[in-house]
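The values are calculated or read from the model by the stated rules, or taken from the named source; none is laboratory data. In this text, all values refer to a predicted model and were calculated from it rather than measured experimentally. Every residue, glycine as well, gets a Cβ built from its backbone with ideal geometry; the counts of neighbours run over all protein chains shown.
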Amino acid sequence: MAILSRDEAQSILKKVLSFTTADECEATLNGTNGGNIRTARNTVSTAGAVDNISLAVEARFGKRSGVATCNQFDDATLRRCVQRAEEVARLAPESPEYVPLLGAQQYLTAPSFAQSTAGITPDYRASQALAGIKLCDQKKLSSASFLEDESGFIAKRNNKGLEAYQQFTNLDFSVTVRTPDGLGSGYAAGDFTDISKFDAGRMTQIAADKAAASVGAKAIEPGKYTVILEPAALVSNTDASLLGALMNAFDARNADEGRSFLSKKGGGNKKGEKLFDERVTIYSDPTSADIPGLVFAGDGRPRQKTTWIEKGVVKNLYSSRFWAQKAGIPDIPGPSGFIMAGGTASTADLIKSTQKGILVTRLWYIRPVDPQTLLYTGLTRDGTFYIENGKIKHPVKNFRFNESPIIMLNNLEAIGRPVRLGGNFVPPLKIRDFTFTSLSDAV
Amino acid sequence: MKRRDFVGLTSLAAGALFLPSFPSLAGEPVELARLFDPVMDAAINKRLADAALNAAKSAGASYADVRIGRYLNQALFTREKQVQNIANTESYGAGVRVIANGTWGFAATNNVSEAGLAKAAQLAVQIAKANAKAQKEPVKLAPQKGYGEVSWKAPIQQNAFEVPIAQKVDLLLAANAKAMENGASFVNSALFQVNEQKYFASTDGSYIDQDIHRIWPTFGITVVDRSTGKFRTRQALSASMGLGYEYLTPKAQDKIAGPAGSDVIGYKNSYDILEDAALAAKQTKQKLTAKSVTPGKYDLVLDPHHLGLTIHESVGHPLELDRVLGYEANFAGTSFATLDWKKQGKPYGSKLVNIVADKRQPGSLGAVGYDDEGVQTKEWDLIKDGKLVDYQKIRDQAHIVGQNESDGCCYAQSWQDVQFQRMPNVSLRPGAQKLSVDDMVKNVEKGIYIAGNGSFSIDQQRYNFQFGGQVFYAIENGKITGMLEDVAYQANTLEFWNSCAATCDQSDYRLVGFFNDGKGQPSQSSAVSHGSATTRFNGVNVINTARKI
């Protein structure tokens with residue numbers, strides 16, 4: 001039941017809308033089918049499956065709005081759901097930020113669904129988990145991993161003519177491998193629309209190599225260093241991240257209200273200003289084959305290819321429909337993932353071109369320190385290495401950093417080849433003067 | 001791409017960034033009246049639970065438990081003069097956990113009928129048998145007696161769900177008005193209320209009916225100085241509590257002033273949101289012109305609202321036995337406090353450091369009568385006179401540390417998630433000697449008083465941490481001399497707790513709570529409180545966090 005075709009979904013939504021007496025009514029169907037498997041200490045610890053579908057109905061009378069949901073689809077339940085939304089709407093206060101529902105929209109097509117991923121079985125999950133376990137058993141290493149997949153759809157329809165539908169699939173995998181003495185740790189992670197590109201064994205091998213290589217870390221003084229930040233040090237599917245934090249700060253209203261790094265002294269925002277190195281270009285494109293996204297936002301607005309930073313210049317900010325109208329600015333929804341333009345250099349190439357520096361596999365426990373400057377703190381983890389004369393010399397103890405992605409993207413030395421991680425597509429970056437403020441004994 | 005990416009960035013979501021933490025609401029939105037529907041009836045639940053337990057045993061389970069749960073949430077969001085959103089959600093269903101062939105299996109269903117529960121039980125057994133192929137050691141449970149039919153209710157005075165929404169909205173809007181009158185440029189406020197109605201039964205012979213309530217009023221204030229382009233924020237000094245709406249009726253005896261020279265007020269078992277909003281706006285304005293801290297070593301005097309988060313991160317998490325053993329290695333991490341480290345007997349803290357784990361303290365977020373695997377709750381020592389004496393453990397972990405009893409700290413965030421070891425309330429015992437907050441300050445030559453919890457980060461083995469706060473005051477020669485800004489302290493867990501020099505007595509003791517402590521994959525959220533009195537730590541490294549961009 002969880003995955004409905006466009007026709008099946010729209011036929012339920014049409015029926016829902018036929019029951020309403022509200023001025024405006026919008027109905028959204030969401031369905032997912034998926035599962036997960038978790039391992040630790042080279043054994044399966046938990047496994048589960050999820051199958052869920054739900055309908056949300058928003059009814060509006062004037063500027064009053066109410067929402068109700070249900071997960072049964074017989075006529076009586078659907079009718080009751082609409083009536084409940086209408087009852088709530090009649091009781092709600094008028095919204096001072098009311099904007100009418102959108103009418104018919106044109107949406108792009110995204111390659112966001114792969115049949116291979118939709119067909120994942122519990123046996124497939126177990127076989128991928130066991131591939132990693134077997135490898136670590138042989139190497140006398142200890143692995144902990146998590147695989148989670150989902151296939152699903154979202155369909156929307158309203159009585160102003162809007163109609164939307166999209167299917168998607170996704171698989172997230174991450175693995176941490178540790179040496180039995182606890183002195184080495186490595187990590188690998190990735191996400192995929194199509195599982196034909198996924199191989200848990202290959203990713204576990206990367207984590208295992210990093211674990212073995214990180215044993216015997218030497219302490220070096222904290223301070224400012226040239227660093228090569230691998231993608232897991234820039235974006236994450238489980239934690240806050242430096243580039244994620246930067247993109248989360250592109251909200252026009254916060255900037256206009258004076259409470260963002262994009263706010264301008266005296267009022268207004270910094271759209272059009274060059275704030276980053278000229279090689280920095282960040283955009284989103286739901287039709288990207290590398291990182292397909294959702295072609296419509298939660299309120300039904302179409303998502304297009306949008307450039308946020310071009311050659312270091314802030315090109316666009318996103319906003320709610322209300323704020324766009326009030327401020328008279330372009331009405332752009334936030335992205336469902338972003339792409340940082342990169343080059344062709346591999347991480348190995350970036351290492352070769354580095355005289356002295358530090359290779360960072362992953363940054364962790366990243367938290368905001370100062371919203372004014374986007375200063376964040378966090379720590380290196382799961383493979384931190386000293387580079388000298390273009391070669392990795394030895395592992396180093398982990399550091400705490402205090403750094404702002406704004407400063408970081410001004411201290412850019414080189415950009416590598418992008419990869420997909422955490423729903424984004426980002427390259428490894430070489431950054432000078434990255435600020436490490438203390439050492440950590442953690443492995 | 002995931003379904004969560006679908007959610008648009010609305011003005012609500014953007015504004016919510018200025019709240020301390022924006023909890024995700026579990027469950028489906030429902031209309032208000034639904035929250036009062038009687039669904040959970042112990043007699044019916046017993047019949048349903050027996051259907052699940054019998055089906056599990058028939059399918060080959062050696063042990064089974066079932067949790068039938070109804071989880072209600074209500075959240076109100078406002079900014080300045082307007083209501084942004086009112087969300088009522090409900091989640092109802094049952095989870096069945098079994099041991100078959102020495103392996104755990106779990107399945108959940110929202111079909112709460114005898115047939116639905118029996119089917120989930122059979123699926124759980126199937127999953128257990130499939131996973132048994134990859135199992136290296138059979139599950140070994142600490143013995144647990146059945147309690148028969150028992151019940152527990154949180155000792156609340158006023159069910160927050162029964163208070164009219166208009167009354168709650170009016171209170172939030174009044175707090176916003178206080179903030180604006182006192183100089184706030186923007187204010188976001190929210191009230192979260194949770195009711196967990198849980199019925200647990202197991203093949204040990206327990207049938208446990210529980211009713212749990214939690215509440216969290218909060219706000220975030222921003223003051224913008226357009227002429228300089230600077231802005232500063234301050235969040236509420238409220239605690240999330242295991243209380244009813246009575247928490248929002250302020251009582252004079254629950255207000256505890258900070259040291260002379262600061263204008264800080266802390267709150268014990270009731271909260272004055274109007275007073276705090278007014279103070280917060282004034283303090284945020286002062287922050288715009290406060291002196292930037294000179295980095296270096298300082299004696300820190302930490303208020304309980306602040307210290308609770310430091311306790312949470314540097315004592316609560318490292319002593320979770322599943323972390324210690326490596327089960328969280330791929331996500332939250334492991335722990336420095338390994339079984340071998342404990343054997344060495346090195347001091348965790350100074351002799352003043354006595355830290356207790358507890359699942360019973362009235363008003364705390366962790367308080368329940370029985371945990372989610374049917375173990376009666378208790379209080380136990382984690383650190384005694386500075387020495388690590390115990391961990392936090394559940395039934396399948398007790399044997400690993402040579403014990404035969406669970407600590408009763410097993411929890412699942414909903415019926416559809418599998419229960420596992422979660423942090424109980426972890427609290428620093430107040431000092432035996434009579435000491436006030438002014439006594440903490442008077443002997444400090446160069447120090448900083450920090451109130452409220454702010455930025456927090458700690459490594460994956462819980463050695464190196466960095467904490468900020470909400471407001472900072474310089475202490476010079478035993479006196480508060482003015483406000484400071486750009487303060488964060490960095491320390492190593494062991495060095496920090498060994499620098500603990502003095503702690504106030506019981507009269508200053510209070511709880512701070514966290515609604516959304518995350519752990520596990522898929523991640524589950526749990527609510528936990530931490531108690532302490534104002535405490536001094538000598539010679540801690542303070543950094544300056546100001547940057548030019």
Problem - Those residues of the stretch B:309-326 which are in contact with a helix residue (DSSP H, G or I) (Cβ under 9 Å, 6 or more places away or on another chain) and of a type outside the set (Val, Ile, Thr), in sequence order - result: B:Glu313, B:Ser314, B:His317, B:Pro318, B:Leu321, B:Arg323, B:Leu325
Exercise for the section: Return the only residue of A:Asn36, A:Asn42, A:Asn30 being touching a strand residue (DSSP E or B) at 6+ places or on another chain (Cβ under 9 Å), among the polar types (S, T, N, Q), crowded, with 18+ Cβ neighbours inside 10 Å and at positive phi. Expected result: A:Asn42
Exercise for the section: Can you give me the ranges of the strands (runs of 3 or more DSSP E) entirely in the stretch B:228-289 with at least 1 residues that are surrounded by 22 or more Cβ atoms within 10 Å (Cβ to Cβ)? Expected result: B:230-235, B:265-267
Handout entry: Output for the stretch B:307-353, where each listed residue is over 21 Å from the mean Cα position of the chain (by Cα), closer than 16 Å to B:Asp390 by Cα, among the small types (Gly, Ala, Ser) and more than 13 Å from chain A (Cβ to nearest Cβ)
Key = B:Gly345, B:Gly349
Exercise for the section: Quick one: in the stretch A:263-286, of everything that is within 12 Å of chain B (Cβ to nearest Cβ) and among the hydroxyl-bearing types (Ser, Thr, Tyr), which residue is nearest to A:Ser336 (Cα to Cα)? Expected result: A:Ser284
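Could you say whether any residue in the stretch B:186-198 is out of contact with any Pro (no Cβ under 8 Å at 6 or more places or on another chain), of a type in the set (Lys, Arg) and either under 28 Å from B:Val375 (Cα atoms) or more than 11 Å from every other protein chain (Cβ to nearest Cβ) (or both)?
Yes, the stretch B:186-198 has at least one match.
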Practice task
Sort out which residues of the stretch A:422-435 are assigned to a strand (DSSP E or B) and within 11 Å of chain B (Cβ to nearest Cβ), and write them in order of number.
Solution key: A:Asn424, A:Thr435
Exercise for the section: Please find, within the stretch A:223-239, the residue that is nearest to A:Tyr283 (Cα to Cα) out of those that are more than 10 Å from chain B (Cβ to nearest Cβ) and surrounded by fewer than 20 Cβ atoms within 10 Å (Cβ to Cβ). Expected result: A:Thr226
Handout entry: Hey, A:Ala207 small (Gly, Ala, Ser), in a helix (DSSP H, G or I), surrounded by 17 or more Cβ atoms within 10 Å (Cβ to Cβ) and within 13 Å of another protein chain (Cβ to nearest Cβ) or not
Key = yes
Fill in the blank from the handout: Those strands (runs of 3 or more DSSP E) completely within the stretch A:312-395 that have 2 or more residues that are within 27 Å of A:Asp290 (Cα to Cα) are A:356-370, A:375-388
Completion exercise
Of the residues in the stretch B:30-65, those that are of a type outside the set (Ser, Thr, Tyr), surrounded by 18 or more Cβ atoms within 10 Å (Cβ to Cβ), outside any loop (DSSP other than H, G, I, E, B) and at pLDDT 95 or above come to B:Asn45, B:Leu48, B:Ala49, B:Ala51, B:Ala52, B:Leu53, B:Ala55, B:Ala56, B:Ala64, B:Asp65
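Name every residue in the stretch A:154-181 that is out of contact with any strand residue (DSSP E or B) (no Cβ under 9 Å at 6 or more places or on another chain) and small (Gly, Ala, Ser), in order of residue number. Spell out how you get there, then give the answer.
So in the stretch A:154-181, the residues out of contact with any strand residue (DSSP E or B) (no Cβ under 9 Å at 6 or more places or on another chain) come out as A:161, A:181.
The answer is A:Gly161, and nothing else.
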Handout entry: Residue selected from the stretch A:318-331 under the condition more than 12 Å from A:Arg253 (Cβ to Cβ) and touching a residue at least 12 places away in the same chain (Cβ under 8 Å), by the criterion nearest to the other protein chains (Cβ to nearest Cβ)
Key = A:Asp331
Exercise for the section: Scan A:Val99, A:Val82, A:Val88 and give me the residue that is touching a Phe, Trp or Tyr at 6+ places or on another chain (Cβ under 7 Å), over 30 Å from A:Asp149 (Cα atoms) and crowded, with 22+ Cβ neighbours inside 10 Å. Expected result: A:Val82
Exercise for the section: Return yes or no: is A:Arg64 over 27 Å from A:Asp7 (Cβ atoms), more than 8 Å from chain B (Cβ to nearest Cβ) and in contact with a Pro (Cβ under 8 Å, 6 or more places away or on another chain)? Expected result: yes
Exercise for the section: Determine which single condition B:Tyr391 fails, assuming it passes every other condition in (1) crowded, with 18+ Cβ neighbours inside 10 Å; (2) more than 13 Å from every other protein chain (Cβ to nearest Cβ); (3) touching a Gly at 6+ places or on another chain (Cβ under 9 Å). Expected result: (3)
Exercise for the section: Go through the residues of the stretch A:15-29 one by one and say whether even a single one is closer than 24 Å to A:Glu150 by Cα, of a type in the set (D, E, K, R), touching a residue at least 60 places away in the same chain (Cβ under 8 Å) and outside any strand (DSSP E or B). Expected result: no
Practice task
Would you check if there is a residue in the stretch A:157-173 being farther than 18 Å from A:Ala110 by Cβ, within 9 Å of chain B (Cβ to nearest Cβ), part of a strand (DSSP E or B) and at pLDDT 95 or above?
Solution key: yes
Exercise for the section: May I ask you to list the residues in the stretch B:450-501 that are at positive phi and away from every other protein chain (no Cβ under 14 Å)? Expected result: B:Gly452, B:Asn477, B:Gly478, B:Gly482
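Identify, from the list A:Leu375, A:Leu363, A:Leu379, A:Leu359, the residue that is more than 24 Å from A:Ala110 (Cα to Cα) and more than 14 Å from every other protein chain (Cβ to nearest Cβ).
Only one candidate passes the filter, namely A:Leu359.
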Problem - Sole exception among (1) of a type outside the set (Val, Ile, Thr); (2) touching an Asp or Glu at 6+ places or on another chain (Cβ under 8 Å); (3) over 30 Å from B:Leu48 (Cβ atoms) for B:Gly146, by number - result: (3)
Completion exercise
Among A:Ser346, A:Ser284, the single one that is under 19 Å from the mean Cα position of the chain (by Cα) and within 21 Å of A:Pro418 (Cα to Cα) is A:Ser284
Problem - Sole residue being of a type in the set (S, T, N, Q) and touching a Gly at 6+ places or on another chain (Cβ under 8 Å), chosen from B:Thr284, B:Thr294, B:Thr249, B:Thr310 - result: B:Thr284
Completion exercise
Here the residues within the stretch A:83-108 that are assigned to a loop (DSSP other than H, G, I, E, B) and farther than 17 Å from A:Pro302 by Cβ are A:Ala92, A:Pro93, A:Glu94, A:Ser95, A:Pro96, A:Glu97, A:Tyr98
Practice task
Determine, yes or no, whether A:Ser127 is within 11 Å of chain B (Cβ to nearest Cβ) and surrounded by fewer than 21 Cβ atoms within 10 Å (Cβ to Cβ).
Solution key: yes
Practice task
Within the stretch B:90-149, track down each residue that is outside any helix (DSSP H, G or I) and facing chain A (nearest Cβ under 9 Å).
Solution key: B:Thr103, B:Trp104, B:Gly105, B:Phe106, B:Ala107, B:Ala108, B:Asn110, B:Gln135, B:Lys136, B:Glu137
Exercise for the section: Quickly run through the stretch A:109-123 and pick out the residues that are among the polar types (S, T, N, Q), surrounded by fewer than 19 Cβ atoms within 10 Å (Cβ to Cβ), outside any helix (DSSP H, G or I) and touching a residue at least 60 places away in the same chain (Cβ under 8 Å). Expected result: A:Thr109
Practice task
Could you look through the stretch B:66-83, keep only residues that are crowded, with 20+ Cβ neighbours inside 10 Å and within 14 Å of another protein chain (Cβ to nearest Cβ), and pick out the one that is farthest from B:Val163 (Cα to Cα)?
Solution key: B:Arg79
